[in-house]
Amino acid sequence: MTATIIDGAAIAAGIREALTRQVDDMIVGGLLPHLAVLLVGDDAASASYVRGKVRAGQQTGIKVVIHRIEADIDPGQDPGQTERRIRDRIDLLNADPDVHGIILQLPVPDGVDSDALLDRIDSLKDVDGLHPANQGRILQGRERYLPATPHGVQQLLVRSGADPGGKHVVIVGRSRLVGMPLAAMLAQKRQGANATVTVCHTNTVNLPSITREADILVAATGRANTISANMVRPGAVVIDVGVNRVDDPTRQRGYRLTGDVDFDAIREVASAITPVPGGVGPMTVAMLLNNVTRAARIAQHR
Ligand code: NAP
């Protein structure tokens, strides 16, 4: 069997087109959705992700403003200084009625307490869905903002005809950003969910025996080749969330991006699989923009 490739870029483009029409209508009605992105320090990968968000936001008609915060480079300096700077900016953005969504691009420099900062973002503007209030709402099935990556995974499944209802979904990875919210979302008793969910991690005993039980296998480990072909049940749907840089001297930039699964081998076993890049990544951006338009509507009725 050769798996169908789930084209995340095409599905995301369709979602963004629909969003563009919604944003057009909002602008005509006098509401310009506005996302503020806090970018701390000079991490190259973070800067590249942020550029992607700005580009996609602009194409959709959403205003995206980057707030660069200098990080104290001298390791002897108090990281509290950087943290205070970020905190002050969050307070300003929380108070600004024209700003609808705020995201803090992670990771932040060592020593900076990202939890305290994420907790400080107004939960009504927390379009990354990382505030405890928003994560708690997901558990209760009363979500306000779904984190963009797990929401993107759910939409990929539903829109590619792999509805999770009644399926056994095995998620490898239990992060706050991906694995945990995805598990909570897919276990809800509702359309597009209603799955039996198993969450695995580094302390899971005999991981392959569990992944082989999956109708839908989601890999979100941050390690290339965590999932090999013998860990996949023939005919399963495989969603690869991972984005890993692997050295590749044949590329001009010296590396290539790869997911968490052995794509070439699993392609011969699975019924459908997402590529990296071009799978979950574009969906993440589209679902973030979706949250920004939602935040603008929420602000209108505050
Ligand atoms: P994370 O916070 O590092 O969490 C990784 C999780 O995977 C942890 O729960 C860890 O278990 C588990 N894990 C790691 N190696 C494992 C192994 N060999 N076997 C079983 N479990 C293992 O990562 P994350 O933020 O969830 O991100 C995961 C990946 O998705 C990364 O590659 C990231 O770049 C990517 N990502 C992509 C997008 C996108 O838009 N495409 C968005 C977000 C993240 P423990 O809890 O036991 O440590």
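FYI, it's all coordinate maths here, none of it is from the lab. Quick caveat: nothing in here was measured; it's all calculated off a predicted structure. Note that each Cβ is placed from the backbone with ideal geometry, even for glycine, and that neighbours are counted across all protein chains shown.
Worth pointing out:
- With all projection directions averaged, the alpha carbon convex hull of the range 39-79 covers 3.1 nm².
- Each residue, R212 and N194, gets one label point 7 Å from its Cα in the Cβ direction; the gap between the two is 3.1 nm.
- For Y255, Y49, order by how many other beta-carbon atoms lie within 10 Å, fewest first: Y255, Y49
- P(r) tail fraction, the range 148-219 - alpha-carbon pairs more than 21 Å apart, %: 17 percent
- A convex hull fitted to the Cα coordinates of the range 248-302 yields 122 cubic angstrom per residue.
- Rg over Rh, two decimals, the range 124-257 (C-alpha only, Kirkwood Rh): 1.00
- Counted residue by residue at 0.36 nm each, then reduced by the alpha carbon distance between them, the extension gain from D110 to R302 reaches 65.5 nm.
- Residues L92, L117, L38, sorted so that the one with the fewest Cβ neighbours within 10 Å comes first: L92, L117, L38
- The range 237-292-the range 161-213 distance, computed between alpha-carbon centres (Å): 18 Å
- Beta-bridge orientation, the chain: approximately 10 percent antiparallel, per DSSP, counting only bridges with both partners inside.
- At 1.306 mPa s and 10 °C, Stokes D of the range 121-160 from Kirkwood alpha-carbon radius, µm² per second: 152 µm²/s
- Ratio of the Cα radius of gyration of the chain to 2.2 N^0.38 Å, where N counts its residues: 1.01
- Projected label points at T250 and R87, each 7 Å from Cα along the beta carbon direction, are separated by 5.1 nanometres.
- The stretch between E268 and T202, if pulled fully straight at 0.36 nm per residue, gains 21.1 nm over its current Cα-Cα span.
- Bins of 10 Å from zero: percent of alpha-carbon pairs in the range 1-74: 17, 35, 27, 16, 6, 0
- Legend: ranking of residues V169, V199 from fewest to most surrounding C-beta atoms inside 10 Å; resulting order V199, V169.
- Relative frequency of Cα-Cα separations exceeding 19 Å in the range 180-257, percent: 47 percent
- Multiplying the residue separation of A95 and R68 by 0.36 nm and subtracting their alpha-carbon distance yields 7.9 nm.
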